[in-house]
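Note sheet for the following structure.
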Amino acid sequence: MSPVFPMLTVLTMFYYMCLRRRARTATRGEMMNSHRTIESNSRTSPLNAEVVQYAKEVVDFSSHYGSENSMSYTMWNLAGVPNVFPSSGDFTQTAVFRTYGTWWDQCPSASLPFKRTPHNFQSQDYVELTFEQQVYPTAVHVLETYHPGAVIRILACSANPYSPSPPAEVRWEILWSERPTKVNASQARQFKPCIKQIKFPTNLIRLEINSSLLDYYTELDAVVLHGMKDKPVLSLKTSLIDMNDLEDDDYEEEDGCGMDNLNKKFSSTALKEGPNNGYFDKLPYELIQLILNHLTLPDLCRLAQTCKLLHQHCCDPLQYIHLNLQPYWAKLNDTSLEFLQARCTLVQWLNLSWTGNRGFISVAGFSRFLKVCGSELVRLELSCSHFLNETCLEVISEMCPDLQDLNLSSCDKLPPQAFNHIAKLCSLKRLVLYRTKVEQTALLSILNFCSELQHLSLGSCVMIEDYDVIASMIGAKCKKLRTLDLWRCKNITENGIAELASGCPLLEELDLGWCPTLQSSTGCFARLARQLPNLQKLFLTANRSVCDTDIEELACNCIRLRQLDILGTRMVSPASLRKLLESCKDLSLLDVSFCSQIDNRAVLELNAAFPKVFIKKSFTQ
């Protein structure tokens, strides 16, 4: 064989080995999903009857539309038997996530996406459910009652949440996955994907969600787990997989998205240094770095095992300036962080969202990593990272002096006193505390010292006693604030709104959805419209008092408005909405669901007159 292209030969052989390994595994019946089909007949004894059970409990989730203190539109509605199915429509007894479509990605508060996110990871939300009995799954049925099609991945866990002793090992296995697809119908359906068989029994199921293609909020009613108490015996008759059907993500699923490579130390001394690396020897170092910048993290780990030259490039800290570890949450552990530590000394953006739960990452392991790799951090994503405690936030405040962006969304297990340490991060520009237990004293301290804040999310923070006091401090200290999320804050009044409007003139986005103490009769919404001309997004969801006067003030003063939600008001007429649409040329989203004066005929007429605007009108069957 001619040695002209030895490097290409090595890579080709490595890829061929991957395919061969994948094919061998598949022919043994290990992989059975709806895309790579293996026809296997399971034989069960008459005593091994199928168990059918609804979810017993919701143990974790990333977001929900509902309140922390009620059951309406919350994830907890997924536990138990169906409340709504087979009816279709918008019902409060279902589970609803916080967002849908791409509207939130188009807002001023949206963060830039991380590079190097694997194409097969597109999950935006998740919910984890426990069941009474551990079974070997044969089917998972999801009862969807409104705008179905959001579920894109179903996983099973080997750990039993009801076991008195912790498991020696926790494994997650993908039962089914699919890329987001558009479902044109909004009616209810029983979603029954073809799942693969796994080697362990489970009573912990995880649904992962992508709502980007949905026209409105998806609503889930119940989840049904079918399974056998004893392990089914596979038939020896299986059909071979066509090699042409293999995709890159097949191999990644087999070894946990390639993260097993991070859990094993690899020494470059085992690599042979060939006398000739072909054209790679002639390329500038920077150009090779640029080429490798297009690889995902598992690909970098694999490529590092081919030769010393590429090992050197793949371990260069410049390859890890932006590091997104969220896609590998099911495998990432202390060993992974230790392995990455030497490579991440220059990391500036770090995403550890969803990672570390159920003992995968320890406080000590996280602290060791940040003490080595935290000095350059400017962005840290820790959404739903339940391993965090007060020590972790103290380490963040000490090791990340230049941090500008901190996301602690749904870290609802963090104790209230832990948030006091955030006040030391004086360079913060973005802080997300959605669904956390931050208390008023700690938040006042944060606002006092973090005067550079531009984006602040306090949605569903139920431990805050007086939002008027918080609003007053925001108006006094956060003059650069551009976006503010006060979704479901329970007690803000017109006084707090007045402080915000006068103190934060740069506001472009304001979410006051489900704030029951605000009344249009006080003039608070008109004041907002007059004093905040830069508003692009305004959510006044479920405020029954919003009236024509408020809409007309927005039409006159907020001509840059792009998104408006007035769901549930009884006092807005089609005439005032027409004035708004005529004045706000950039308006693209208008939600008038359950607005009693805006019937379907009015929506059709407005849609015909303003075809570029998506006017949402929900319904209950």
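Before moving on, here are some points about what is shown:
- Number of positions in the range 536-559 that are open to solvent by 10 Å² or more (accessible area, probe 1.4 Å) and in contact (Cβ under 8 Å) with a residue 40 or more places away in the chain: 1
- All conditions in (1) modelled with pLDDT of 95 or more; (2) surrounded by fewer than 23 Cβ atoms within 10 Å (Cβ to Cβ) hold for residue 470, with the sole exception of (2).
- Qualifying positions in the range 493-515 - open to solvent by 10 Å² or more (accessible area, probe 1.4 Å) and in a strand (DSSP E or B): 509
- Test result for residue 470, more than 20 Å from residue 379 (Cβ to Cβ), in a loop (DSSP other than H, G, I, E, B) and of a type outside the set (Lys, Arg): no
- Conditions (1) of a type in the set (A, V, I, L, M); (2) at pLDDT 95 or above; (3) more than 18 Å from the chain's Cα centre (by Cα); (4) not in a helix (DSSP H, G or I): number failed by residue 332: (3)
- Conditions (1) surrounded by fewer than 17 Cβ atoms within 10 Å (Cβ to Cβ); (2) out of contact with any Lys or Arg (no Cβ under 9 Å at 6 or more places or on another chain); (3) hydrophobic (A, V, I, L, M, F, W, C); number of the one not met by residue 104: (2)
- Members of the range 592-621 that are of a type in the set (Gly, Ala, Ser), without any contact (Cβ under 8 Å) to a residue 60 or more places away in the chain and closer than 20 Å to residue 547 by Cα: 596, 602
- Condition met for residue 136 (assigned to a strand (DSSP E or B) and either touching an Asp or Glu at 6+ places or on another chain (Cβ under 9 Å) or farther than 20 Å from residue 60 by Cβ (or both)): yes
- Filtered residue count, the range 285-301, keeping only those that are in a helix (DSSP H, G or I) and surrounded by fewer than 20 Cβ atoms within 10 Å (Cβ to Cβ): 9
- Any hit, the range 571-591, residues being touching a residue at least 24 places away in the same chain (Cβ under 8 Å), over 24 Å from residue 216 (Cα atoms) and touching a strand residue (DSSP E or B) at 6+ places or on another chain (Cβ under 8 Å): no
- Checking 388, 393 one by one, the residue that is not basic (Lys, Arg) and not in a loop (DSSP other than H, G, I, E, B) is 393 and no other.
- Residue that is most open to solvent (accessible area, probe 1.4 Å) [pool: residues in the range 352-385 that are aliphatic (A, V, I, L, M), part of a loop (DSSP other than H, G, I, E, B) and within 17 Å of residue 422 (Cα to Cα)]: 378
- Against the conditions (1) open to solvent by less than 10 Å² (accessible area, probe 1.4 Å); (2) touching a helix residue (DSSP H, G or I) at 6+ places or on another chain (Cβ under 7 Å); (3) farther than 19 Å from residue 472 by Cβ, residue 533 satisfies every one except (1).
- Residue in the range 518-534 that is under 17 Å from residue 453 (Cβ atoms), among the basic types (Lys, Arg), modelled with pLDDT of 95 or more and not in a strand (DSSP E or B) present: no
- Residue that is nearest to residue 92 (Cα to Cα), among those in the range 121-150 that are open to solvent by 10 Å² or more (accessible area, probe 1.4 Å) and within 16 Å of the chain's Cα centre (by Cα): 125
- Under the condition of being within 14 Å of residue 537 (Cβ to Cβ) and either more than 34 Å from the chain's Cα centre (by Cα) or open to solvent by less than 10 Å² (accessible area, probe 1.4 Å) (or both), the residues counted in the range 581-603 number 5.
- In the set (1) in contact (Cβ under 8 Å) with a residue 60 or more places away in the chain; (2) of a type outside the set (Ser, Thr, Tyr); (3) surrounded by fewer than 16 Cβ atoms within 10 Å (Cβ to Cβ), residue 71 fails one condition alone, (1).
- Pairs, first in a loop (DSSP other than H, G, I, E, B) in the range 47-64, second open to solvent by 10 Å² or more (accessible area, probe 1.4 Å), C-beta under 6 Å, six or more apart: 48/228; 48/230; 55/79; 56/132; 62/125; 63/98; 63/125
- The range 191-209, residues that are open to solvent by less than 10 Å² (accessible area, probe 1.4 Å) and not basic (Lys, Arg): 202, 203, 204, 205, 207, 208, 209
- The set of residues from the range 139-167 being within 18 Å of residue 53 (Cα to Cα) and in a strand (DSSP E or B) comprises 139, 140, 141, 142, 143, 144, 154, 155, 156, 157.
- Some residue of the range 325-344 being hydroxyl-bearing (Ser, Thr, Tyr) and farther than 18 Å from residue 387 by Cβ: no
- Residues that are open to solvent by less than 10 Å² (accessible area, probe 1.4 Å) and in a loop (DSSP other than H, G, I, E, B) within the range 473-492 comprise 478, 481, 486, 487, 489, 492, listed in sequence order.
- When residue 341 is tested against (1) modelled with pLDDT of 95 or more; (2) open to solvent by 50 Å² or more (accessible area, probe 1.4 Å); (3) polar (S, T, N, Q), just one condition goes unmet, and that condition is (2).
- Remark: pairs (first residue in the range 277-298, within 30 Å of residue 330 (Cα to Cα); second residue open to solvent by less than 70 Å² (accessible area, probe 1.4 Å) and among the polar types (S, T, N, Q); Cβ separation under 8 Å; 6+ apart in sequence or on different chains) = 289/319; 292/319; 293/319; 296/117; 297/324; 298/261.
- Residue count for the range 149-184 satisfying the condition of being of a type in the set (S, T, N, Q) and in contact (Cβ under 8 Å) with a residue 12 or more places away in the chain: 4.
- Where residue 202 falls short, out of the listed (1) hydroxyl-bearing (Ser, Thr, Tyr); (2) under 20 Å from residue 385 (Cβ atoms); (3) touching a Cys at 6+ places or on another chain (Cβ under 8 Å): (2)
The values are calculated or read from the model by the stated rules, or taken from the named source; none is laboratory data. All values reported here derive from a predicted model rather than from experimental measurement. Ideal geometry is used to build each Cβ from the backbone, glycine not excepted, and the neighbour counts take in all protein chains shown. Areas reflect the complete protein model, heavy atoms only, side chains present, ligands, DNA and RNA absent. Shrake-Rupley method; radii C 1.70, N 1.55, O 1.52, S 1.80 Å.
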